[in-house]
Amino acid sequence: MLSPLSKEIFIQGITRDGKIFRPGDWAERLAGVMSRFRPGGAKPGSHLSYSPWCLPTQRHGIKCVVVHRDLRDHEPMAWDFVINFARDNDLQMLPTGQLPDEPAPARR
């Protein structure tokens, strides 16, 4: 369950049953779609960098996306898109303050 007090949500590229999510570049694709949603709005060339509100990263070798709560405040439909993407694909979501030290073992 996502806490309404969390500033960031961490979407891990692991499904709830422990499988690694594919395709391998899903995090970059998702963050790329969200690149226009940023402080001050989209500007010419802003599509060439990720939004600070939706950033791809890796943790323990697993692709992830960190989504900042400001995205929800600025553009609720974009927030819903990201959260529903994670839910529809059964991806693990955690507030950044509740990240475990090691990810669950991946099953293929």
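Tell me which of these ARG69 doesn't satisfy, since it passes every other one: (1) under 12 Å from the mean Cα position of the chain (by Cα); (2) closer than 22 Å to LYS7 by Cα; (3) surrounded by fewer than 17 Cβ atoms within 10 Å (Cβ to Cβ).
Of (1) under 12 Å from the mean Cα position of the chain (by Cα); (2) closer than 22 Å to LYS7 by Cα; (3) surrounded by fewer than 17 Cβ atoms within 10 Å (Cβ to Cβ), only one is false for ARG69: (3).
Which pairs do you get when a residue that is of a type in the set (Lys, Arg), found in the range 13-25, comes within reach of a residue that is part of a strand (DSSP E or B) and loosely packed, with under 11 Cβ neighbours inside 10 Å, reach meaning Cβ atoms under 9 angstrom, with the pair 6+ apart or on two chains?
Sorted first by the residue in the range 13-25, then by its partner, the pairs are LYS19/ARG107.
Quick note: the coordinates plus some simple rules give every number you see, no bench work behind them. None of these values were measured; they are calculated from a predicted model. Reconstructed Cβ throughout: ideal geometry from the backbone, glycine too, with neighbour counts over all protein chains shown.
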